[in-house]
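Here's the structure, in structure tokens; my notes come after.
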Amino acid sequence: MANSKQSIKRARQNADRYKLKHSQRSQARTAVKAVRNAIAENNKESATELLKTAQKVLDSTAAKKVIHKNAAARTKSRLVKAVKELS
């Protein structure tokens, strides 16, 4: 348990930061999952539209340091490759 004023404040800040980052990370995962589902259904039009939104979400979460920028780039690259492979 936090004892000093400083540690109490840090605990409060960490809890608030966790809530924010957790929701942003969840939003990114949901966007990626939507693209993967569209790819699995062989729906290129839907996958292309969802890919654009997923790229925006991944870029914003990487900019906010919720996820690492290389992880965002890797995920986007793999999604683009998968969408391009659809016939």
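The values are calculated or read from the model by the stated rules, or taken from the named source; none is laboratory data. Since this is a predicted model, take the numbers as computed values, not measurements. FYI the Cβ positions are ideal-geometry reconstructions off the backbone, even for glycines, and counts take in every protein chain you see. Note: areas computed on protein heavy atoms with side chains; ligands, DNA, RNA excluded. Shrake-Rupley method; radii C 1.70, N 1.55, O 1.52, S 1.80 Å.
Restricting the GluC sites (Glu not before Pro) of the stretch 29-69 to loop positions (DSSP other than H, G, I, E, B) with no more than 16 neighbouring Cβ atoms within 10 Å leaves Glu41.
Matching the structure-derived mean projected area of the Cα convex hull in nm² against the labelled list [x] 5.8; [y] 5.3; [z] 6.4 gives the label [z].
Applying 1/(1 + (r/R0)^6) with R0 = 35 Å to the Cβ-Cβ distance of Lys9 and Glu85 gives a FRET efficiency near 0.10. With each label modelled as a point 7 angstrom along the Cα→C-beta vector, the Gln24-Asn42 pair spans 3.9 nm. Figure note: Arg25, Arg10, Arg78 ranked by solvent-accessible area, largest first, 1.4 Å probe, ligands and nucleic acids not counted: Arg78, Arg10, Arg25. Largest GNM mean-square fluctuation among Ala62, Ala40, Ala31, using the chain with Cα springs under 10 Å: Ala40. Given +1 at the Cβ of Lys and Arg, -1 at the Cβ of Asp and Glu and no other charges, the dipole of the chain around its Cα centre is 620 debye to the nearest 20. Ordering Ala54, Ser23, Leu79 by Cα displacement along the dipole of the stretch 5-86 toward the positive end leaves Ser23 in first place; charges were set at the Cβ atoms of Lys, Arg (+1) and Asp, Glu (-1).
Rounded to the nearest whole Å², what accessible area per residue is found for the chain with the 1.4 Å probe?
Details: 6590 Å² over 87 residues.
With all protein chains present, the chain gives 76 Å² per residue.
Candidate cross-link partners of Lys69 among the lysines, defined by an alpha-carbon separation under 20 Å and a same-chain spacing of 8 or more, comprise Lys21, Lys33, Lys52, Lys56, Lys81. For His22, neighbours were defined as the other residues whose beta-carbon sits under 12 Å from its Cβ, and their charges (Lys and Arg +1, Asp and Glu -1) total +4.
Got a number for carbon plus sulfur as a percent of the stretch 5-86's accessible area, 1.4 Å probe? Intermediate results must be reported in sequence, preceding the final value.
Details: 3060 of 6020 Å².
Answer for the stretch 5-86: carbon and sulfur cover 51 percent of the accessible area.
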